[in-house]
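Visitor: My questions all concern the structure below.
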Amino acid sequence: MSSAPGPAGGRRPTSTGIRKSGSGGSAGQPTTEWVVVVPVKGTSQAKSRFGPGDHSALALAMAADTVAAAMDADGVAGVLVVTTVEASAVFDDLGAFVIVQEPDGLASAIDLGISIATEMTEPGRGIAVLLGDLPALTPAELSAALTAACAHPLAMVEDAAGEGTALITAVYGATHAPAFGRGSSAAHRAVGYMPLEVSSSSGLRNDVDSADALALLEGRLGARTAGVLGANL
C-alpha cells in the first residue's frame, strides 16, 4: 500500500483541523489508486444479531481483519477508519488513518469518512466505502474489484445474498451517493452505481451479521477473528 497524505496533527484526526492536500486537478484524470473508508461501530451493541451479550470483541476483530486486508491491497493509497475512541487504538496499530466519532449511525459515519477522504484526495485517487464485517476478505479480492471499478464513475459490489452492499466506489471527479441500509443493493443501483461481477464465494461479498454466516466461513477467516473465536471455545 502506498502512503496517502495524512491529516495534520497526528494519526487520530477528528472532523476538524484537517489539512486539505491537493484536491484540485482535472475531473477527467484516470483513477489509479483509492482511499478506502471503513465505518466501524466499535460499541457493545455491535453485531446484536448474534444474540444476547457483548459481541464487540468479535465485531472489532472482524473489522480489523477487513482493514488489514484493505491495507495490503494493491492500488490502495490509504485506509480511513471511522470509529469510536474505545476502538481506535486497534486501527492505529494497523497503520490506518483513524477518524474518531461517537456512535451516530452508519450513514453518519460514512458521510464523515467520505468528507475527510475528499479532503485527502489527489488527482487520480478515487474513494471507496467498504463495510467492516468481511472477515474472509483477501487483499487480492479487494484489489481486483477496485481495478474493475476504475472503468465506472460509480460502482458497487453486492453482498452474497444480492440484497445488501459490501463496497461502493467513486472514481476521481465522481460524487458518492451512499444508500446503505435494508435493500441497499437496489438503492445503489437506482442512483447510478454499476454492479461489478464478483463471485458469490468471494470474501468481499460474504459479510457477517450472524453466527450462522460466520460458521460458513470456517477455515477462511482472518487471524484476528479466528483468534477471538478460539479464545471463546
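Visitor: Report, by chain and number, residues whose modeled amide H sits under 5 Å from the one on Ala166, excluding near sequence neighbours (fewer than 5 apart, same chain).
Guide: Val157, Glu158, Asp159
Visitor: Continuing with the same structure: Give a quick list of GluC sites (Glu not before Pro) in the range 122-213 that DSSP marks as loop, anything other than H, G, I, E or B, with at most 10 other Cβ atoms within 10 Å.
Guide: Answer in residue order: Glu197.
Visitor: So who's got an amide H within less than 5 Å of the one on Ala96, skipping anything under 5 residues away but keeping other chains? H placed 1.01 Å off N, in plane.
Guide: For Ala96, no residues qualify.
Visitor: How far apart, in nanometres, would the label points at Thr175 and Glu86 be if each is projected 7 angstrom from Cα along the Cα-to-Cβ direction?
Guide: 3.7 nm
Visitor: Let me ask you something else. Each label point is 7 Å from the Cα along the Cα-to-Cβ direction; what then is the distance between the points at Asp212 and Ala186, in nm?
Guide: With each label point 7 Å from Cα toward Cβ, the separation is 2.1 nm.
Visitor: Once you have a ≥ b ≥ c as the square roots of the Cα gyration tensor eigenvalues for the range 131-173, tell me rounded if a/c is under 1.5, and otherwise prolate or oblate according to whether a/b is larger than b/c.
Guide: In terms of gyration-tensor shape, oblate.
Visitor: So, one more: Along the Cα→Cβ direction, 7 angstrom out, place labels at Ser201 and Ala57. What is the inter-label distance in nm?
Guide: Here the answer is 3.3 nm between the modelled labels.
Visitor: Same structure, new question: Can you run phi through the Karplus equation (6.51, -1.76, 1.60; θ = phi - 60°) for the range 172-181 and list ³J(HN,Hα) in whole Hz, with x for Gly and Pro?
Guide: So the J values, rounded to whole Hz, are 4, x, 8, 10, 5, 9, x, 9, 5, x.
Visitor: Give me the compactness ratio for the range 131-233, meaning the Cα radius of gyration over 2.2 N^0.38 Å.
Guide: 1.13
Visitor: Which of the trypsin sites (Lys or Arg not before Pro) across the range 110-198 are loop residues per DSSP, with 11 or fewer other Cβ within 10 Å?
Guide: Arg182
Visitor: So who's got an amide H within less than 5 Å of the one on Thr121, skipping anything under 5 residues away but keeping other chains? H placed 1.01 Å off N, in plane.
Guide: When sequence neighbours closer than 5 places are left aside, the close amide H contacts are Ser21.
Visitor: What do the square roots of 5 times the Cα gyration tensor eigenvalues come to for the range 33-192, in whole Å, largest first, as semi-axes of the equivalent ellipsoid?
Guide: Whole-Å semi-axes of the equivalent ellipsoid: 23, 18, 15.
No lab work stands behind these numbers, since they all come straight from the coordinates. Everything numeric in this text was worked out from a predicted model, so none of it was measured. All Cβ positions, glycine included, derive from the backbone under ideal geometry; neighbour counts span all protein chains shown.
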